[in-house]
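The values are calculated or read from the model by the stated rules, or taken from the named source; none is laboratory data. Quick caveat, the model's predicted, so the values are computed rather than measured. Because the Cβ atoms are built from the backbone with ideal geometry, glycine has one as well, and the counts that use them run over all protein chains shown. Protein only, heavy atoms only, side chains kept; ligands, DNA and RNA dropped before computing areas. Shrake-Rupley method; radii C 1.70, N 1.55, O 1.52, S 1.80 Å.
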Amino acid sequence: MKFALFLSLFFIGAAVSDVRILRIPLHKINREPRNYHEFVKTVTEAHNSLQRFLVLQKSGVQEAAYYGEISLGTTLQNFSVVFDTGSSNLWVPSSSCYFSLACWNHHYYKRSKSSTYIKDDSPLSIAYGTGEVEGFLSTDTLTINTLKVANQTFGEITSMSRKPFREAKFDGILGLGYPSIATGHVVPPVNNMVNQKLIDRPIFSFYLNRNPKETPGGELIFGGINEERVQNDTLNNPIPISNQRYWQFRMDGVNTLTGDNWCENGCDAIADTGTSLIIGPPKDILGIFKTLKAAVDGRFAAVDCKAVPTLPDIVFKINARSYTLKPEDYILRVRNRGIEICLLGFSFLSGSNLPWILGDVFLGKFYTVFDFGNNTVSFGQIKQIKLL
């Protein structure tokens with residue numbers, strides 16, 4: 001299950017074999033078990049955003065996100081941003097955002113306070129499923145802890161829709177998608193990190209800690225992987241990206257060991273750190289609900305918590321390898337009036353030829369490496385150790 005996360009940052013230089021990496025520990029804001037009605041409401045709104053995101057092929061802000069501290073300008077102006085693999089632009093509110101109430105709740109960028117500001121002023125408009133932002137482009141120094149990205153072009157937002165941004169716990173978004181989907185043909189920050197030789201490898205990697213009682217909640221690393229967290233020999237199956245817009249690839253199928261099959265004849269899938277659940281076509285997801293003997297409520301389903309140990313494993317076959325989720329991996333425990341409810345971490349979207357979305361229910365089981373140098377994504381087995 002995905003939770004809102006806050007990131008504290010620290011930079012590790014020449015830590016392993018002189019490879020420069022930026023390590024970002026992740027910390028949970030929401031703790032399990034969540035309130036059932038709150039969870040359903042939040043995820044339903046995210047589904048509406050995701051639906052439009054997939055249909056219009058635009059970036060979307062989903063139910064859960066990773067928050068991290070960045071700075072822009074000289075002297076530093078600090079912002080909390082979402083690290084989103086479903087988009088490619090960096091944007092923050094502008095000091096020129098006078099009339100949008102959503103801007104008033106957030107930090108905003110003051111160009112007049114920065115000695116490294118470079119004027120651009122090209123218009124910027126990004127539509128999301130639940131809202132939109134408008135503004136213009138500017139260029140300045142981007143700082144993440146001690147790492148400085150020179151001449152980073154970003155959006156200064158002058159108009160933000162009230163929903164969802166007014167109540168959002170983040171100021172802006174830092175996209176981790178491919179440059180091909182960047183509005184305004186802007187070079188994304190992670191690509192500039194590589195171009196300016198700030199990190200040695202064109203990769204970033206995620207570990208998501210799904211145990212709500214443990215801290216930190218995981219980590220994001222730019223430029224490398226945490227070899228103490230992942231079994232290296234399980235990262236030897238790089239999956240080719242089939243669409244260099246999103247982190248999209250072909251999936252061979254989904255099945256149980258008792259003969260139930262979905263995604264027959266193969267299907268497309270996207271690894272998305274901005275989505276909580278595993279989302280697929282209605283026919284397949286309803287088939288999973290039926291196999292698990294779940295009680296269906298709209299796009300969600302639940303099982304008797306006492307039956308969880310008897311549920312089957314669900315196997316995702318990708319690039320001729322099996323990636324297995326056990327029941328405890330795909331069950332989300334929430335509460336309603338003090339009663340525990342065991343939700344399935346699956347849901348569906350209506351539409352034709354939409355890809356599966358492998359959100360945190362899937363990604364939380366594996367160590368995920370996004371390699372935009374070789375255009376692959378890899379899922380490795382996690383070592384069960386404590387982070388320092």
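Roughly speaking, to the nearest percent, how much of the stretch 239-388's 1.4 Å accessible area is carbon and sulfur?
Carbon with sulfur: 48 percent of the solvent-accessible area.
Please report the relative contact order for the stretch 64-197, taking Cα pairs under 8 Å with a sequence separation of at least 6, and give it as a percent rounded to a whole number.
Averaging sequence separation for qualifying contacts and normalising by length gives 33 percent for the stretch 64-197.
Test of understanding: what is the full-extension gain from LYS110 to SER95, defined as 0.36 nm times their sequence separation minus their Cα-Cα distance?
4.9 nm
Residues in the stretch 216-240 near a label at GLN381, defined as backbone nitrogen under 20 Å from the 7 Å Cα→Cβ point?
Correct set: 225-239.
What translational D, rounded to a whole number of µm²/s, comes out for the stretch 227-381 from Stokes-Einstein when the hydrodynamic radius is the Kirkwood one over Cα pairs, at 25 °C and 0.890 mPa s?
After rounding, the answer is 152 µm²/s.
When ranked by the protection proxy of mean other Cβ atoms within 10 Å per residue, highest first, what sequence do the peptides 233-242, 372-381 form?
Top to bottom by mean Cβ count within 10 Å: 372-381, 233-242.
Once the dipole of the stretch 64-197 is set up with Lys and Arg at +1 and Asp and Glu at -1 on Cβ about the Cα centre, which of PHE136, HIS185, SER95 lies farthest towards its positive end?
Working it through, the farthest residue towards the positive pole turns out to be SER95.
By how many nm would the segment from ALA127 to GLU214 lengthen if fully extended, with 0.36 nm per residue of separation less the alpha-carbon distance? Intermediate values should be presented prior to the final figure.
On the way: separation 87, 0.36 × 87 = 31.32 nm, distance 3.62 nm.
Once the chain is fully extended between ALA127 and GLU214, it gains 27.7 nm.
Provide the per residue accessible area, probe 1.4 Å, for the stretch 227-381, rounded to a whole number of square angstrom.
Roughly 42 Å² per residue, with all protein chains present.
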